[in-house]
Every structure is written in C-alpha cells, then in structure tokens.
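One structure is given below, encoded as structure tokens.
The values are calculated or read from the model by the stated rules, or taken from the named source; none is laboratory data. Note that the structure is a prediction, hence the values are computed from the model and not measured. Cβ: placed from backbone, ideal geometry, glycine included. Neighbour counts: every protein chain shown.
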Ligand code: NCD
C-alpha cells in the first residue's frame, strides 16, 4: 500500500489510485467496526490532536473514534474557548501545539486555505476536516465509499448534487473526486446558489430539479448553509422546499434504485423530506456516518505509515 502524501488537505492532489487505496483499506475497517472488539493498534503511541475552529458534531466525533480505535492518544482542543479568543494567531496556536510533538493534527477552520497554511508550519501530518468553502476531503471519501458499496462501482454513474453548491466544501470535494473517477455529474440548484462559471468544469447544471433528477443513480442533497449567507439567496424556505426539496415525488424521476445521500446536519422540510431521509430503502445517510469512521481510520493509518518511514530514513 503506498500513499505518497504527507498531509490530506484536499481531494485535488490525489490520484485515482490514491482514492482506491484509501477506500480499500477503509473496507477492512468497516468490518472491524462491526465487531464488538473494535481495536487495531496501528496508531499506538502516536498523538492525535483535533482542532475544530468551527462547530462540528459528526466529523469531530468520527475523527475522535477513528483515532481511539486505532490506539492513538487523542486530544480534542476546545478552540471556541481557546487563546484564539485572546488574539493569538492561527500560526502561533499551531506552533505551540507543534512543540508538544503531535503526530496527526485534524483541523477544521472557517477560512478557505487556513488548513493548508497551518500544514506548512508544523512537522506532523495534517488532515483537513473542512476549510471554509474550499475542501472537506474525508467527507468526499466517505461518500465515495458509500456509493461504491451501494452501487458496486464508483465510475460511470450519473450523480446529482443538489442545493447550495456555492457555499459547500462538500460539493467541491465531491465534484473533484467523482470527476476523477469518471462519473457524470449534474449540479442542481437555483442560479443564486451556483458558483459562477461552473458549467465550464465538465458538469451539467440544472435549475429545474425535476429535469436534473431524471435517471440519476445517486442523489446527493446539501444543507442550505445559512451561516454562510448574507441574505437574499432564496425567496423563502417554503418556496425553496417546493422547488428544490427532495421528496418521494421528485425522487420518482431518478432511477428506481437511486440512493439518497446527505452529509448532515439536515434541515428537514427545507432541503429534504424527513420521511424520505429516514427511509432505509432509499436513504444511505446512516451508512455515510458509518463509512466516515472507517475512511478516517484508513486515512490516518496511511499518513502515519509515511511518518514512520520518514523517521526511519
Ligand atoms: C458538512 C460540513 O461541515 O461541511 N457537514 C459535515 O461535515 N458532515 C456539511 C454541512 O455543514 O452542511
């Protein structure tokens, strides 16, 4: 297994083979995580620090469990209450932590590019857990694993990504990954939530959801990211649900075996009907969460192997 990267900052630098390597290793962890004893010790003795400068429930819990299951010492920094509030810069915080010799740093930050900047200043491996509107690589990888398991392959699928595309790092990382794996991607949403010039990236863009969903294999819904909006993007949530909310009637236009995905957290009744989200025959939302832990275990193991090889040199 070779994975020639020091950090996991985005999907952009990964090759098809890198993606397959992570997903294949993650499969072994899906099996382990379903057993009652869930321990593998590949990160034993290593220190993992989670720094979340932005709220997170599932991503932080998932990284924490992933590290613990692999035997690392895991520490969660409460960045909301930290010395950042006292005016310390991101780089100073990073340097301080670096002096404590962590091996893996997991970072989420509200600004695009902040995690890359931090990675340049520290000696350990850095995993991007979401930076602004830029990338969220482990989300795209867990989505890929979920799709591969549900559809039996990860290429030549018709995949619709729907909703608030322009504010979404999840959409961005998924677009890059699914494009690299040679799928056909459709973006569906109101023009106000579509990044300018996106049509040039080899994707099809629809503002009519019914048209966009026709015969797709996968429907990936996104949350309306209200915290990233400064007003005026949608007329009202009611109107939005009517046009872009996924319900059984709109889903009927997709392939009969199309799966429904959502990275969470969901706004039920805004971008997705609650009953459909809970329908285990169509929705793989819980599987996505399950795959998240396995994918993060795999990514951390691969990065740790490189660190170990570097120390031996
Ligand atoms: C996403 C995120 O934080 O980017 N959530 C997640 O990681 N599961 C998507 C979102 O917040 O809507």
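Restrict the check to the stretch 150-164 and report whether at least one residue is buried (at least 24 other Cβ atoms within 10 Å of the Cβ), near the ligand (Cβ under 9 Å from one of its atoms), touching a residue at least 12 places away in the same chain (Cβ under 8 Å) and over 25 Å from residue 301 (Cα atoms).
yes
Please specify each residue of the stretch 299-309 satisfying the condition of being in contact (Cβ under 8 Å) with a residue 40 or more places away in the chain and more than 14 Å from the chain's Cα centre (by Cα). Reasoning before the result, please.
Within the stretch 299-309, the subset in contact (Cβ under 8 Å) with a residue 40 or more places away in the chain is 299-307.
Those that are in contact (Cβ under 8 Å) with a residue 40 or more places away in the chain and more than 14 Å from the chain's Cα centre (by Cα): 300, 301, 302, 303, 304, 305, 306, 307.
Please specify each residue of the stretch 266-292 satisfying the condition of being part of a helix (DSSP H, G or I), under 21 Å from the mean Cα position of the chain (by Cα) and either surrounded by fewer than 15 Cβ atoms within 10 Å (Cβ to Cβ) or in contact (Cβ under 8 Å) with a residue 40 or more places away in the chain (or both). Spell out how you get there, then give the answer.
Initially, the stretch 266-292 is screened for residues part of a helix (DSSP H, G or I), giving 274-277, 285-292.
Restricting the remaining residues to those that are under 21 Å from the mean Cα position of the chain (by Cα) gives 277, 285-292.
If the condition is that a residue be part of a helix (DSSP H, G or I), under 21 Å from the mean Cα position of the chain (by Cα) and either surrounded by fewer than 15 Cβ atoms within 10 Å (Cβ to Cβ) or in contact (Cβ under 8 Å) with a residue 40 or more places away in the chain (or both), then 286, 287, 288, 289, 290, 291, 292 are the ones that fit.
For every residue, the table says whether it meets (1) touching a residue at least 12 places away in the same chain (Cβ under 8 Å); (2) surrounded by fewer than 18 Cβ atoms within 10 Å (Cβ to Cβ); (3) more than 16 Å from the ligand (Cβ to nearest atom); (4) under 27 Å from residue 154 (Cβ atoms).
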residue	(1), (2), (3), (4)
25	yes, no, yes, yes
32	yes, yes, yes, yes
44	yes, yes, yes, no
62	yes, no, no, yes
65	yes, yes, no, yes
79	yes, no, no, no
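Does residue 309 count as in a helix (DSSP H, G or I) and more than 20 Å from residue 174 (Cβ to Cβ)? Show your work before the answer.
On the way: in a helix (DSSP H, G or I): yes; more than 20 Å from residue 174 (Cβ to Cβ): yes.
Yes: the conditions hold for residue 309.
Which of the residues that make up the stretch 176-195 are part of a helix (DSSP H, G or I) and more than 14 Å from the ligand (Cβ to nearest atom)? Walk me through it before giving the result.
We begin by selecting, within the stretch 176-195, every residue part of a helix (DSSP H, G or I); these are 176-180, 191-193.
176, 177, 178, 179, 180, 191, 192, listed by residue number.
When the residues of the stretch 225-250 are filtered to those that are in a helix (DSSP H, G or I) and in contact (Cβ under 8 Å) with a residue 60 or more places away in the chain, which remaining residue is farthest from residue 272 (Cα to Cα)? I'd like the intermediate steps shown before the answer.
Looking only at the stretch 225-250, we keep the residues that are in a helix (DSSP H, G or I), and these are 226-228, 237-244, 248-250.
Filter once more, so that each one left must be in contact (Cβ under 8 Å) with a residue 60 or more places away in the chain: 228, 244.
Details: 228: 19, 244: 8 Å.
Looking at residues that are in a helix (DSSP H, G or I) and in contact (Cβ under 8 Å) with a residue 60 or more places away in the chain, I get 228.
Among the helices (runs of 4 or more DSSP H) confined wholly to the stretch 81-162, which include 1 or more residues that are modelled with pLDDT of 95 or more and at negative phi?
The qualifying helices (runs of 4 or more DSSP H) are 114-119, 137-151.
Return the pair list, or none, for Cβ contacts closer than 7 Å from residues in the stretch 193-209 that are within 24 Å of residue 235 (Cβ to Cβ) to residues that are in a helix (DSSP H, G or I), at least 6 apart or on different chains.
Pairs that qualify, where the first residue is within 24 Å of residue 235 (Cβ to Cβ) and the partner is in a helix (DSSP H, G or I), are 205/198; 205/199; 206/212; 207/191; 209/243; 209/244; 209/250.
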